[in-house]
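Report on one structure; see the data block that follows.
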Amino acid sequence: MQGVLPIEEPQQEPMSTSASQEQTHLSELIFGSDPTPRIVAVEAVDSTLWLYIREGAALRVQQEPFQPWLLSDQPITLPNVQWQELEGDLGERPALRYLARCADWEAFDRLRQVLREEHRAMIAYSSLARQYLMLTGKTLFKGMSFDELHRLQLDIETSTLTPDQPDARILMIALSDNRGYEELLEGDERRMLTQLVERVQQLDPDVIEGHNLFGFDIPFLVARAEYHGVPLALGRNGSPLRVGSPRTCVIGANNRTFKPAFVHGRHLLDTYLAVQRFDIGRGELESYGLKESAQSLGLALEERIYLEREQIPHLWQTDPDTVRQYCLQDVHETRRLAELVLPTEFYQCQMVPDTLQNLATIGTGEKVNLLFLRAYLRAGHAIPLPQEPRDYPGGYTEVRIIGLVQRVVKADVESLYPSVMLQFGIKPEADRLNVFLPLLRELTQRRLEAKSRARQSQGATASYWEGLQASFKILINSFYGYLGASFNFNDYNAAEAVTLKGQEIVKHIASEIEARGGKVIEIDTDGVYFQPPAGIESEEQEKAFVAEIARTLPEGIRLVHDGRYQAMLSVKTKNYVLLGYDGKLTYKGASLRSRADERFGREFITQAIQWLLAGQPERVSEEYKRLAHAILNGELPIEHLCRRERITEKSRLSHHPLYELAGRFQVGDYINVYRRKDGSLGLLEEYAGDEDREHYVEKLYKFACRLQELFPDFERLFPKPQTLISAQQQASLFD
């Protein structure tokens, strides 16, 4: 089996020739047609591709000639370009039918420019590594586990936030790797930069990791290296680090702009971006800073030192040992964080024809698209152009009970949309080679096998299989979203058919629950929260009840008992709090918790939830009035009124609220700001007793309004801001 460790396979009956050929075909759809193992990097040098292949402790370099290629809907005659017409009938759907092979990069770039000028449809990847992997069927890291990757962590401590200030300098560089090495580089700044290059060349890592690597460490290193005239020759071939143009990192439904850097033969990975992708769907982290993430995810060391950035320059003079320990702990936590958030993309790299650095930032739909394009290119088949977007129904959501409900069970359909597609044969109409469903089915089967092996294994072997199954899962869950997005094989009719069938199934589940005496609280796409009927108390009874409902579903649709809770506080659609039998609270929905909220608002909502779960709604009203009074009297610490903002490129635009402050910081920095009486934003560090108290009372009222549905007499219990402000002003007249 390609892409897996050489673990002994169970004894099986020999397959027939046709079955063996089918299995080989399916394996090639997932892992590519070329089984070359242990490729850790692919780089382009002129018209040659350099493959770095790990052989034990040694690294072998293999060079291959390569011609850049692109796809277009029409051929154009240019020097040093050869065209091949692709086969296959796609009906009336516009398609890319012509494959151009270019003699060199100059010919490729010229052809791409001409096609753009003529407004021709095309696929023209700027990454020659991606081009090479797609056309050859090779992928990175086959036969390797994540632990075998040589990973170096880097962190710098500096005298200033930006490298262009007069007193800017690097105070120290901390390095560590996953093979036991660690070191602090100190002293003369020029010497430190030279030592950094020497250490990277000596250690020869496959990966360099850092937290906010692209946003802070690399820009600072580059600026200081330029100042001292030190080439950052970190490449495996001795070439310097190269900074690229801004691009976006896909984080769920959002994109975050960053400026990547590239090192020949190595992958640069930013755990600040990776942890945000990791938290999508979990929503457990209130901050993505290194210390906060490590604490929330249980990765922080007991002896961890916590320093504010502005403390470091002074401490470096008075207590350098503390700063040294702090800096080393940063790289230790970066390594531990990377081991949690990066394996999924590492194992996807064994399947998807792209580099690890790129897979760590692109969306899952694009990864699926690369798998389809590779299969069609191998077959010499024309590739459809994406359909124009149109609206179609989404998943079914409904809240049937608002308020506090005791004894709650969640029933969930495992992989609802993938199961619907497989069971009812829903696929893109343009998939004439029948890649979509077989690929989805094989990924699903391999995920089940990997999950089973993970349960049966221990240590590094268990970690390998767990990482692999997680990679399969993410790809599997992307197939539905792929249908309804702007990709080559998208199909909005198919996407609609999936959602309508999903709605039918989840409504049926809710109906069956209520027919048996249960009370449905909320339906959310593929799951139902409900209160079981009287007499069903234990977990075993709950599971039996869910299993009874499951037997009414179509074959291939699997309903499971997915959780049980003491209570559920239902606020509105997709906004609720669950109280576990272990006392743990689980929040769902931005109206209940948001990282953008001020501290006083977050604490008010949290305390309100506790009182509501305890059946004490009157205490929420009391706290609202007390807090409003404290704000108007200036009794609330300014730290509670601040909110945390990140400096972005948009922050530097004249109409942006942060415009006046943004120029003092670099993109990627976080600042704490509050609203002044004149409506402008001020820095926490420059607070002058000038907060806009009336504004914050209005914010408090908005926080309370998030819980409005839970209070039938909301207007009486939570007076509007102007009423509170007027009462405060009248009271002050008699003080």
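The values are calculated or read from the model by the stated rules, or taken from the named source; none is laboratory data. In this text the structure is predicted, and so the values were computed from the model without any measurement. Reconstructed Cβ throughout: ideal geometry from the backbone, glycine too, with neighbour counts over all protein chains shown. The protein model used for the area step is the full one, side chains on, heavy atoms only, and it has no ligands, DNA or RNA in it. Shrake-Rupley method; radii C 1.70, N 1.55, O 1.52, S 1.80 Å.
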Kirkwood hydrodynamic radius over Cα pairs of segment 672-735, then Stokes diffusion coefficient at 37 °C and 0.692 mPa s, in µm²/s: 241
Per-residue HN-Hα couplings for segment 425-438, Karplus 6.51 cos²θ - 1.76 cosθ + 1.60 at θ = phi - 60°, whole Hz, x for Gly and Pro? x, 8, 8, x, 5, 7, 7, 6, 8, 6, 9, 4, 6, x
Once Lys and Arg get +1 and Asp and Glu get -1 on their Cβ, which of 719, 681, 656 lies farthest toward the positive end of the dipole of segment 615-735? 656
Residue 105: net charge of surrounding residues, Cβ under 12 Å, Lys/Arg +1, Asp/Glu -1, itself excluded? -2
If only Cα atoms are counted, what is the Rg of the chain, and what is its Dmax, in Å? 28.7, 96
Note down the magnitude of the dipole of segment 122-244 about its Cα centre, charges +1 on Lys and Arg C-beta and -1 on Asp and Glu C-beta and zero elsewhere, to the nearest 20 debye. 680
Have a look at 175, 24, 39 and report the one farthest towards the positive end of the charge dipole of the chain, computed about the Cα centre with Cβ charges (Lys/Arg +1, Asp/Glu -1). 24
Expressed in angstrom and ordered largest first, the alpha-carbon extents of segment 77-132 along the principal axes are 35, 26, 19
Whole-Hz couplings from phi, Karplus 6.51/-1.76/1.60, listed for segment 496-505; x for Gly and Pro: 5, 4, 5, 5, 5, 5, x, 4, 4, 5
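Restricting things to Cα coordinates, could you compute the convex hull volume per residue of segment 273-334 in Å³?
81
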Using unit Cβ charges (K, R positive; D, E negative) and no other charged atoms, how large, in debye to the nearest 20, is the dipole of the chain about its Cα centre? 940
Rounding to the nearest 20 debye, state how big the charge dipole of segment 95-140 is about its Cα centre with +1 on each Lys and Arg Cβ and -1 on each Asp and Glu Cβ. 220
Neighbour-limited loop hits for trypsin sites (Lys or Arg not before Pro), segment 265-354 (at most 10 other Cβ within 10 Å; DSSP other than H, G, I, E, B): 282
Carbon plus sulfur fraction of accessible area for segment 202-341, probe 1.4 Å, in percent: 47
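What whole-number volume per residue, in cubic angstrom, does the convex hull of the C-alpha atoms of segment 93-214 give?
Value for segment 93-214: 228 Å³ per residue.
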The distance between the Cα centres of segment 66-126 and segment 218-270, in whole Å, is 30
I'd like the trypsin sites (Lys or Arg not before Pro) in segment 495-548 restricted to DSSP loop residues with at most 15 other Cβ atoms within 10 Å, sorted by number. 516
List every residue whose amide H lies under 5 Å from the amide H of residue 96, counting only residues 5 or more places away in sequence or on a different chain, with H placed 1.01 Å from N in the peptide plane. 383, 385
Considering every pair of different Cα atoms, what Kirkwood radius, in Å, is found for segment 160-265? 14.9
Round to a whole angstrom and tell me the spacing of the C-alpha centers of segment 310-385 and segment 675-735. 43
Just want the answer: with Cβ charges of +1 for Lys and Arg and -1 for Asp and Glu, which residue in 251, 577, 402 is farthest toward the dipole's positive end in the chain? 402
Descending principal axes extents, segment 532-582, alpha-carbon based, whole Å: 34, 26, 19
List the GluC sites (Glu not before Pro) within segment 542-595 that fall in a DSSP loop (any state other than H, G, I, E or B) and whose Cβ has at most 14 other Cβ atoms within 10 Å. 555
Bridge type composition, the chain - antiparallel percent by DSSP, nearest 5: 90
Using a cut-off of 11 Å between beta-carbons, work out the net charge of the residues near residue 264 (Lys and Arg +1, Asp and Glu -1, residue 264 not included). +2
Might you work out the accessible area of residue 629 for me, using a 1.4 Å probe with all protein chains in place, and round it to the nearest 10 Å²? 90
Charge tally in the Cβ shell below 9 Å around residue 607, where Lys, Arg are +1 and Asp, Glu are -1, residue 607 excluded: -1
At 37 °C and a viscosity of 0.692 mPa s, what translational diffusion coefficient does Stokes-Einstein give for segment 616-735, taking Rh as the Kirkwood radius over Cα pairs? Give it in µm²/s as a whole number. 204
